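One structure is given below, encoded as structure tokens.
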Amino acid sequence: MRTLSLATILLLALASARAADEPDPMMLAAEADALFKMRKYDDALAKLDVAIKKDAKFAQAYYLRGRARYMKGDFKGSAADFDKQIDLRPKDFERHWERGITLYYLGRHEEGRKQFEGYEKTDTSDVENTFWHWMCAYKKGGEKAAREGLLKTGKDKRPPMNEVLGLLQGKIKPDDVMKAADAGDLTEAQRKPRRFYGHLYLGLYFDVTGDRKKAIEHLDKAAGEYQIGHYMGEVARVHRDWLKGMK
């Protein structure tokens, strides 16, 4: 048997040391997730690009990159990553409401509607899911079809989401949503998320029903003084900027 030369041994040792210094894809994904939560989307994307280059079958990295791309307004890239994630991990489909939101911006409304119907199987009391399903159905078939096809949603614990549902059902007016958000003896900190959800969904409602000016007014408030530290807090910003960028 041949023995390795000293030069070969040194090269192998150097290669091993370099490999040990390089973070693995899971570590890169964890770092990217932390950056995402700090809204450092470019930095998160850079790490996820490397993670996927190292492991092209790492479904979680595609999921995280899809979220980050959405935040940058790259809807095509976001959808491509979410689609790849589901190709690699089909069990993720039903819970993937983020994918449904991205599909809306691409005009893939029928696919979006089916995505939100899938999520309904995991949570039957989420008015947000029902609302985005309604948005897709409205764009696909108009107001009458969207109302007739509303998901059978149970009581949502978050004020004023039940009033938002009532708005879609035609039972109340838009002003009633903010009245519900402000109802009760609450501190400003307690009232803030209520106002956020009220302004976000009124903004989306006015956009879908054709009043862009009112939509932007509400979304400015949801993305500004009432913004919350959650994915949906950034959706308010993304949707507002998307509207403002339209000709």
At q = 0.08 1/Å the base-10 log of I(q)/I(0) from the Debye formula over the alpha-carbon atoms of the chain is -0.38
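Hey, fewest Cβ within 10 Å first, where do His230, His199, His96 land in order? Spell out each step's value before the answer.
On the way: His230 11, His199 25, His96 21.
Neighbour counts put them in this order, fewest first: His230, His96, His199.
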Only Cα pairs under 8 Å and at least 6 apart count here; give the relative contact order of the chain as a rounded whole percent.
10 percent
Grab the beta carbon distance between Thr124 and Ala46, set R0 = 35 Å, and tell me the FRET efficiency rounded to 0.05.
0.35
Post the alpha-carbon centroid distance, segment 41-70 to segment 193-247, in whole angstrom.
27 Å
For the pair Glu225/Leu150, report the inter-label distance in nm, with labels modelled 7 Å from Cα in the Cβ direction.
3.0 nm
Place +1 on the Cβ of every Lys and Arg and -1 on the Cβ of every Asp and Glu in segment 158-247, take the dipole about the Cα centre, and give the residue among Ala183, Gly166, Trp242 whose Cα lies farthest towards its positive end.
Trp242
Non-local residues with an amide H under 5 Å from the amide H of Asp126, with H modelled 1.01 Å from N and Pro and chain starts lacking one, are Gly154
When Lys and Arg each count +1 and Asp and Glu each count -1, what net charge do the other residues less than 11 Å away from Gly112, Cβ to Cβ, add up to?
+3
In segment 133-224, the trypsin sites (Lys or Arg not before Pro) that fall in loop regions by DSSP, at most 16 other Cβ within 10 Å:
Lys152, Lys155, Lys157, Lys171
What is the fewest-to-most order of Met27, Met71 by other Cβ atoms lying within 10 Å of their Cβ?
Met27, Met71
Table column - 3J(HN,Hα) (Hz), segment 192-201, Karplus curve with 6.51, -1.76, 1.60, x for Gly and Pro
4, x, 5, 5, 4, 5, x, 5, 4, 7
Taking a crude spin-label model, label points 7 Å out from Cα along the C-beta direction, the Met26 to Met38 distance in nm is 2.3 nm
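Relative contact order for segment 103-157: what percent, with Cα pairs under 8 Å and sequence separation of 6 or more?
On the way: 59 pairs, mean separation 20.0, N = 55.
After rounding, I find 36 percent.
Bear in mind these aren't lab numbers, they're just calculated from the coordinates by the rules spelled out. Remember, predicted model here, so these are calculated numbers, not experimental data. As a convention, Cβ positions derive from the backbone with ideal geometry for all residues, glycine included, and neighbour counts pool all protein chains shown.
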